[in-house]
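Report on the structure given below.
All of the numbers you see were taken from the coordinates with simple rules; none came from a lab. Just so it is clear, the model here is predicted, and its values are computed rather than measured. Glycine gets a Cβ as well: all are built from the backbone with ideal geometry, and neighbour counts include every protein chain shown.
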């Protein structure tokens with residue numbers, strides 16, 4: 001893995017080699033996931049879904065390394081799965097493709113400004129693959145060195161769109177997807193406002209007003225509608241947060257003296273039962289190694 005020195009961001013470079021295993025078959029392709037673990041006692045798990053507009057992106061990406069390093073230091077294990085990218089519409093059966101397009105039309109009729117290409121078949125395929133990754137981790141949590149089947153998810157950009165769709169799917173897809181126990185969405189809104197549900201997993205959104213790629217107005221709309229629906233969605237919209245380098249912003253930028261947005265995120269995960277004891281990493285050296293579980 002490309003492991004540049006991220007000391008300027010966290011003081012902690014990402015070291016070590018993850019385990020890479022297959023978790024799902026898609027025709028002749030095997031979808032894989034990387035598992036980062038210190039090799040010590042079991043840890044609560046975070047599934048990290050990268051961005052790339054559903055056409056690019058990779059498990060190994062230097063932009064996400066600093067956040068993975070910080071999560072490891074603070075007591076989590078991190079799972080980074082692949083998902084299908086750049087697939088044609090024919091990858092979905094026609095009845096399902098019609099459902100996807102109808103959901104996108106309804107969202108846009110309610111003012112959602114996301115590009116159509118981010119609300120179509122590739123969103124569904126990514127959601128399906130990430131759902132299977134969550135399911136695999138829940139079925140094999142002991143072998144993966146996790147503390148149990150409760151899992152958090154962090155999704156960036158397209159990965160956040162997919163994770164939010166798992167949490168708030170349109171009616172035809174309810175019960176189809178595995179859901180995280182808590183969702184963190186970085187630079188990505190909830191896609192389908194009409195699907196907001198009271199009984200959904202808690203979602204924490206960080207979407208800045210300097211985002212020039214995904215419309216922050218969509219997150220503002222969700223912030224207004226979530227209380228009406230009773231949906232457990234918290235939205236942070238800092239005036240200076242960008243789209244690119246949102247993980248750097250999360251780690252570095254302070255909300256109050258001595259408190260970063262990362263600290264808010266970590267508190268959200270712990271509050272929802274998917275975080276380590278805050279003192280778990282105290283006195284422990286930081287040296288991520290291969291997990292041989």
>> As a footprinting exposure proxy, order 32, 56 by other Cβ within 10 Å, with the fewest listed first.
In response: 56, 32
>> Quick check on the exposure proxy: order 216, 156, 171 from fewest to most C-beta atoms within 10 angstrom.
In response: 171, 216, 156
>> Could you give me D for the chain, from Stokes-Einstein at 4 °C and 1.567 mPa s, where the hydrodynamic radius is the Kirkwood radius over C-alpha pairs? Units µm² s⁻¹, please.
In response: 68 µm²/s
>> For the chain, what does the helix formula give at 222 nm: sum of -39500 (n - 2.57) over DSSP H segments with n ≥ 4, over the residue count, nearest 500 deg cm²/dmol?
In response: -9500 deg cm²/dmol
>> Can you give the FRET efficiency to the nearest 0.05 for residue 58 and residue 117, using r as the Cβ-Cβ distance and R₀ = 25 Å?
In response: 0.80
> Restricting the count to DSSP beta bridges whose residues both fall in the chain, what percent are antiparallel, rounded to a multiple of 5?
Replying inline: 40 percent
>> Run the numbers for residue 245 and residue 263: contour at 0.36 nm per residue of separation, minus the present Cα-Cα distance, in nm.
In response: 4.8 nm
>> Using only the Cα atoms of the stretch 123-269, what are the Rg and Dmax in Å?
In response: 15.0, 45
> If R0 is 41 Å, what FRET efficiency do you get for residue 176 and residue 212 from their C-beta distance, rounded to 0.05?
Replying inline: 0.80
> For the stretch 144-181, list residues with backbone N below 20 Å from a point placed 7 Å from the Cα of residue 224 toward its Cβ?
Replying inline: none
> Cα axis of helix 121-139 to longest principal axis of the chain: angle in degrees, 0 to 90, nearest 10?
Replying inline: 40 degrees
>> Quick check on the exposure proxy: order 60, 178, 128 from fewest to most C-beta atoms within 10 angstrom.
In response: 60, 178, 128
> Label residue 101 and residue 30 with points 7 Å out from Cα along Cα→Cβ: what is the distance between them in nm?
Replying inline: 3.6 nm
> For the Cα atoms of the chain, what angle does the longest principal axis make with the long axis of helix 62-73, in degrees from 0 to 90, nearest 10?
Replying inline: 60 degrees
> By how many degrees, between 0 and 90 and to the nearest 10, does the Cα long axis of helix 216-229 differ from the longest principal axis of the chain?
Replying inline: 80 degrees
